[in-house]
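**Student:** Okay, here's the structure, questions in a sec.
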Amino acid sequence: MFDQGVELALTPPTLRRNRNHAACQREPERLAAGYQSTEEISDMAADESKQTEEQAAEALQEEQKQSQDTAEAPDEAGSAEDGSDAAEVDSTASSEEVSLEDLVEQLQASQQEIEKLKEALLRSEAEAQNIRRRAEKDIEAAHKYGQDKLIKELMPVKDNLERALEAGANKEDSAVRAIMEGVELTDKSFSDTLNKIDVTPISPEGQTFDPQEHQAMSMVENEEVPANTVIAVIQKGYRLKGRVIRPAMVMVSKGGSEAKPNIDETA
């Protein structure tokens, strides 16, 4: 009995189950053969135990074989996956090489297009700046010289007032003197108004002739003054904020044979 207990304790669970199953199957035979001797029963038990051990060994071998097959299957699958991955990597590498060339060409084309757009933008900015400057100058000129036409129309009135004052300067008649006083007041008021809008007269008598501000109506020989000297002003000229709106009409001296030319050293 002690030996059987030790054997049961050391026997694997699978072997125990097989033995128990075999014992259960042969229990009726043992009961039917109760008349057999103890030795025969022991022999039968030994045979059954041996068969059970062989079955257990076969089952264990089969389990080990199955486990080996299961371990080899992932390796084969992994090698197949590695092969497919390598093929995919090769195809991806070739596609990357082709796409890299395309990307380089596209990059160069994009850079050229960017340069063209930059040049067009610079030209547009320069043109817009020029237009802005011209517009500012035009606006400034409009504000500054917008009264140019009106003042030109009023200049003859100023000339007539001055002529009237010159004509009545030596008159002793009281009635004429009263009229001349009114004309003088009118001329003074007119001159003050012109000064307020920065209109200044050009009266260059005795000065060197300047074609920018003077209009020569005639040239007279005069040995007393240098050549190109204004000896008389026929009609005054006027400036509006420094710009000539009407040149002065003058008479210019030719100068005698011994007269020295009047040279404007500041010109």
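**Student:** Output the Cα-based Rg and Dmax of region 199-261 in Å, rounding Rg to one decimal and Dmax to a whole number.
**Tutor:** Over region 199-261's Cα set, Rg and Dmax evaluate to 12.1, 40 Å.
**Student:** Using a cut-off of 14 Å between beta-carbons, work out the net charge of the residues near VAL176 (Lys and Arg +1, Asp and Glu -1, VAL176 not included).
**Tutor:** Surrounding charge for VAL176 is -3.
**Student:** Still on this structure: When N is the residue count of region 146-197, what does its C-alpha Rg come to as a fraction of 2.2 N^0.38 Å?
**Tutor:** 1.30
**Student:** Using a Cα-Cα cut-off of under 28 Å, which lysines could be cross-linked to LYS158, ignoring same-chain neighbours fewer than 8 residues away?
**Tutor:** LYS144, LYS149, LYS171, LYS188, LYS196, LYS236, LYS241
**Student:** Can you tell me the FRET efficiency between THR200 and VAL220 if r is taken as the Cβ-Cβ distance and R0 is 25 Å, rounded to the nearest 0.05?
**Tutor:** E between THR200 and VAL220, to the nearest 0.05, is 0.40.
Values quoted throughout were computed directly from the atomic coordinates according to the rules given, and no laboratory measurement underlies them. These numbers were taken from a predicted model, which means no experiment stands behind them. All Cβ positions, glycine included, derive from the backbone under ideal geometry; neighbour counts span all protein chains shown.
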